[in-house]
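Enquirer: Mind having a look at this structure? Questions to follow.
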Number of protein chains: 2
Amino acid sequence: MQDQLYLRIPGPTPVPPRVLRALAQPMVGHRDPLMDERVARITARLKPLFGTQGKVFLLAGSGTLAMETLLVNLTAPGDEVLVVTNGNFGERFAAIARDHKRNVHTLSFPPGVPTDPEAFRGALAAHPNLRAVIVTHCETSTSLLNPVRELAAIVREVRPEALVLVDGVSSIAGVEMAMDAWGIDGVATGSQKALMSPPGLAIVALGPRALEAMRAVDGPRFYADLRRYEDSLAKNTTPFTPAVSLLFALDEALNLIEEEGYEGVFARHRLMRDMTRAGIRALGLPLLVEDDAYASPTVTAVDVEALGPKRVLATLREHFSVVFASGQGNLTPRIVRIGHMGYVSPSDVLHYLAAFEVTLELLGHPVRRGAAVAAAAEVYTAWATASSSPTR
Amino acid sequence: MQDQLYLRIPGPTPVPPRVLRALAQPMVGHRDPLMDERVARITARLKPLFGTQGKVFLLAGSGTLAMETLLVNLTAPGDEVLVVTNGNFGERFAAIARDHKRNVHTLSFPPGVPTDPEAFRGALAAHPNLRAVIVTHCETSTSLLNPVRELAAIVREVRPEALVLVDGVSSIAGVEMAMDAWGIDGVATGSQKALMSPPGLAIVALGPRALEAMRAVDGPRFYADLRRYEDSLAKNTTPFTPAVSLLFALDEALNLIEEEGYEGVFARHRLMRDMTRAGIRALGLPLLVEDDAYASPTVTAVDVEALGPKRVLATLREHFSVVFASGQGNLTPRIVRIGHMGYVSPSDVLHYLAAFEVTLELLGHPVRRGAAVAAAAEVYTAWATASSSPTR
């Protein structure tokens, strides 16, 4: 039954029924006053999720376009940039920068290993002419959460003139971000992760310093030229036809987020991470990100090399319609990734842990029945006892 | 009543109920076999609408991204290109090429005036090193349809080595296109015009010559790099997260188009154009495109300078919930534009002509009541008598 696939991948994520209904509203013209109101309302309501008093730009496109848009608007060909890579998406940002003829330095860490602040400080010290420093907040390919607040503080101290740009594709709206307070200049995200909307919106937030820089950068760009978007945004519109239906969806998804409250949303994501990690540990499987302090609240990578990720994914889907994601690149034969962001709840975590546990038993992995749920229950009940209200 | 706006603008166009329902299907993963099937089915079914045995690429983005994608994949910085401009969208293509540092020559015609073949031949003769020639099929800002078949034949004769690239944003699926047969190498379009889907899909078709050229072009591009899309398409997928819901929609819209039949779809658009032009003439208003041979089947621009376009649009909307589009740029104080493409029928034409006629009377324009509908009726009945089946 195709309609009963439990999508637990790190994006696109399940779209709530209210958002699906919003998506299917009749079309309106993109220059219609009804759209102007909506663009104004959406961009105003996205700002707190980025933590900026700057501007938020909406482009029709995917998260990769948002990353490229940050790069081509805030650096020029030949500029020196430092890209920190902890996995595939960091490497993608470096590839984007190389394709656009930036002078790219990289600082790389193995999968699951967070950016080391001292090594980072050293890389900044080694390159005095950096125009921008690029960091991935949640590295979706490994489920690592980089300490972007701490890293941005180091840039502000060592290279105060460099811009700090962050890939926030799988973190924004699931994890706290405070661009202005933390000294982060630009963040890219997409609609299809913790924002609970279908894919197809590239979202870029620029703080005050980045806005000024963007206006001055000379370099080829047209569709991604944020100067055009800034001019249009002053009239609450977009320079090119926006993805109207996806804006209908995002507007409704923001209603859901505001009804729950930002703090409630972030707490729910942390809780889902903690329940998931406790459950996986109880199953005796290694977590790719060992240190809890750097585990993303939105996705969890589990080492199932001994069982074979392909068999795990296929069995879980065949028996229980639960869909986890495979690994990427070198990690493909080693891990599966569990997405727990957006329209996912602690209730869903209990469900997928239970289904995963039975799947492992079916594949011959030694399992103490009920262990994963029991461990997650311990996390949940401790949280519920301490908390004033249920999370949902 | 917002739900009863009759959207008669040249895009985004009304989305049929079946397509809206398809849009609201539950999300699936973009690397899911269910998506692979869909990508394969959609790209195969788009090919006949472009008239190519080449390849069709789907990007999350708007029509402008499709235009830019053509340019950056088929020409390199410094390359000489000739852009024919008959209005705003031709000028946009020239601006895209200039932003990307191409060596741009333009051949310009006043609003509503088609490209003159002899002047075009002269421009080709004057520039022996052209890498590409860019022409707008339907110039949405003026409702002109350029004779792209004839123009492409001239390029093939005078500059056989140049690529012919066409902006087909408001023509594809409303007007016949036969890329391979006519010697056209690349066409860009969007989902939100005659394809009856919401905006947010940029669609690019390349013929065999263009595919070869694209693979060899060196120049900065990442999100728009069709080499990546070609590699992914071989596995029926996309390099970056596609706009999944919009692909659901497009797949269903293609069902509707195939049920009607391509020839039926194109004939319906020509009929709507002819009915509209007859009705407008009966109202005593000038058409911006005077020559019927160059009038687009998808949109009609009407000169209402004497009445004031703003008043016309506001009155039509206030009294009858019918939404026409304003002009763009210099044409803003002069014209309104009527979109009749995609999910629009001869029945709808009778409706908007009737409403437009009453609107003109309300604004003091001398009107013989019923004249517009009478003129359209003459066109329709002649067509219905000659035709074997009703168009709908």
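The values are calculated or read from the model by the stated rules, or taken from the named source; none is laboratory data. Not measured: the values here are computed from a predicted model. Glycine also receives a Cβ, built like all others from the backbone with ideal geometry; neighbour counts cover every protein chain displayed. All accessible areas refer to the heavy atoms of the entire protein, side chains included, with ligands and DNA or RNA removed. Shrake-Rupley method; radii C 1.70, N 1.55, O 1.52, S 1.80 Å.
Enquirer: Hey, does the range B:261-279 have a residue that's under 30 Å from A:Met196 (Cβ atoms) and open to solvent by 10 Å² or more (accessible area, probe 1.4 Å)? Break it down into steps so the answer makes sense when it comes.
Expert: Quick first cut of the range B:261-279, residues under 30 Å from A:Met196 (Cβ atoms) only: none.
No, the range B:261-279 contains no residue that is under 30 Å from A:Met196 (Cβ atoms) and open to solvent by 10 Å² or more (accessible area, probe 1.4 Å).
Enquirer: Being buried (at least 21 other Cβ atoms within 10 Å of the Cβ), touching a residue at least 12 places away in the same chain (Cβ under 8 Å), within 12 Å of chain A (Cβ to nearest Cβ) and not in a strand (DSSP E or B), is that true of even one residue in the range B:105-121?
Expert: No, the range B:105-121 has no match at all.
Enquirer: For A:Leu287, state whether it is in contact with a strand residue (DSSP E or B) (Cβ under 9 Å, 6 or more places away or on another chain) and either crowded, with 23+ Cβ neighbours inside 10 Å or among the aliphatic types (A, V, I, L, M) (or both). Can you show your working first?
Expert: Values: in contact with a strand residue (DSSP E or B) (Cβ under 9 Å, 6 or more places away or on another chain): yes; either crowded, with 23+ Cβ neighbours inside 10 Å or among the aliphatic types (A, V, I, L, M) (or both): yes.
The answer is yes for A:Leu287.
Enquirer: With the structure loaded, tell me whether A:Leu71 is in a helix (DSSP H, G or I) and either in the same structural domain as A:Val158 (by TED's automatic domain parsing) or in contact with an Asp or Glu (Cβ under 7 Å, 6 or more places away or on another chain) (or both) or whether it fails that test. Spell out how you get there, then give the answer.
Expert: Values: in a helix (DSSP H, G or I): yes; either in the same structural domain as A:Val158 (by TED's automatic domain parsing) or in contact with an Asp or Glu (Cβ under 7 Å, 6 or more places away or on another chain) (or both): yes.
Yes, satisfied.
Enquirer: Tell me which residues, restricted to the range B:71-96, are at the interface with another protein chain (Cβ under 9 Å from one of its Cβ atoms) and either touching a helix residue (DSSP H, G or I) at 6+ places or on another chain (Cβ under 8 Å) or crowded, with 21+ Cβ neighbours inside 10 Å (or both). Let's see the steps before the verdict.
Expert: Going through the range B:71-96, the residues at the interface with another protein chain (Cβ under 9 Å from one of its Cβ atoms) turn out to be B:71-72, B:77, B:92, B:95-96.
Of everything in the range B:71-96, those that are at the interface with another protein chain (Cβ under 9 Å from one of its Cβ atoms) and either touching a helix residue (DSSP H, G or I) at 6+ places or on another chain (Cβ under 8 Å) or crowded, with 21+ Cβ neighbours inside 10 Å (or both) turn out to be B:Leu71, B:Val72, B:Arg92, B:Ile96.
Enquirer: Another question about this same structure. Considering only residues that are in a strand (DSSP E or B) and open to solvent by 20 Å² or more (accessible area, probe 1.4 Å), which ones fall in the range B:308-336? Lay out the reasoning, then the answer.
Expert: As a first pass, look at the range B:308-336 and keep what is in a strand (DSSP E or B): B:322-323, B:325-326, B:335-336.
If the condition is that a residue be in a strand (DSSP E or B) and open to solvent by 20 Å² or more (accessible area, probe 1.4 Å), then B:Ser326 is the only one that fits.
Enquirer: Please go through (1) open to solvent by 10 Å² or more (accessible area, probe 1.4 Å); (2) out of contact with any helix residue (DSSP H, G or I) (no Cβ under 7 Å at 6 or more places or on another chain); (3) small (Gly, Ala, Ser); (4) assigned to a loop (DSSP other than H, G, I, E, B) for B:Ser170 and return the number of the only condition it doesn't satisfy.
Expert: Condition not satisfied by B:Ser170: (1).
Enquirer: I'd like to check something: does the range A:48-67 contain any residue that is more than 14 Å from chain B (Cβ to nearest Cβ), in a strand (DSSP E or B), open to solvent by less than 40 Å² (accessible area, probe 1.4 Å) and of a type outside the set (A, V, I, L, M, F, W, C)?
Expert: no
Enquirer: Given the condition free of Cβ contacts under 8 Å to residues at least 40 places away in the same chain, open to solvent by 10 Å² or more (accessible area, probe 1.4 Å), over 28 Å from B:Gly219 (Cα atoms) and part of a loop (DSSP other than H, G, I, E, B), answer yes or no: does some residue in the range A:188-202 qualify?
Expert: Just the residues of the range A:188-202 that are free of Cβ contacts under 8 Å to residues at least 40 places away in the same chain, to begin with: none.
No - not one qualifying residue is present in the range A:188-202.
Enquirer: Shifting gears a bit: Out of all the residues in the range A:228-251, which are of a type outside the set (Ser, Thr, Tyr), within 13 Å of another protein chain (Cβ to nearest Cβ), more than 19 Å from the chain's Cα centre (by Cα) and part of a helix (DSSP H, G or I)? Explain how you work it out, then say what you get.
Expert: So in the range A:228-251, the residues of a type outside the set (Ser, Thr, Tyr) come out as A:228, A:230-231, A:233-236, A:239-240, A:242-244, A:246-251.
Pick out the ones that are also within 13 Å of another protein chain (Cβ to nearest Cβ) and you get A:228, A:239-240, A:242-244, A:246-250.
If we keep only those that are more than 19 Å from the chain's Cα centre (by Cα) too, we end up with A:228, A:239-240, A:242-244, A:248.
Selection gives A:Arg228, A:Val244, A:Phe248.
Enquirer: For the range A:294-307, give me the residue count where each residue is open to solvent by 10 Å² or more (accessible area, probe 1.4 Å), free of Cβ contacts under 8 Å to residues at least 60 places away in the same chain and not in a loop (DSSP other than H, G, I, E, B). Explain how you work it out, then say what you get.
Expert: Quick first cut of the range A:294-307, residues open to solvent by 10 Å² or more (accessible area, probe 1.4 Å) only: A:294, A:303, A:305-307.
Imposing the further condition that a residue be free of Cβ contacts under 8 Å to residues at least 60 places away in the same chain reduces the set to A:303, A:305-307.
Now drop any that are not not in a loop (DSSP other than H, G, I, E, B), which leaves A:303.
Residues in the range A:294-307 being open to solvent by 10 Å² or more (accessible area, probe 1.4 Å), free of Cβ contacts under 8 Å to residues at least 60 places away in the same chain and not in a loop (DSSP other than H, G, I, E, B): 1 in total.
Enquirer: On to the next question. Take A:Pro26 and decide whether it is within 14 Å of another protein chain (Cβ to nearest Cβ), on the phi < 0 side of the Ramachandran plot and open to solvent by 10 Å² or more (accessible area, probe 1.4 Å).
Expert: Details: within 14 Å of another protein chain (Cβ to nearest Cβ): yes; on the phi < 0 side of the Ramachandran plot: yes; open to solvent by 10 Å² or more (accessible area, probe 1.4 Å): yes.
Yes; evaluated as a whole, the condition is true for this residue.
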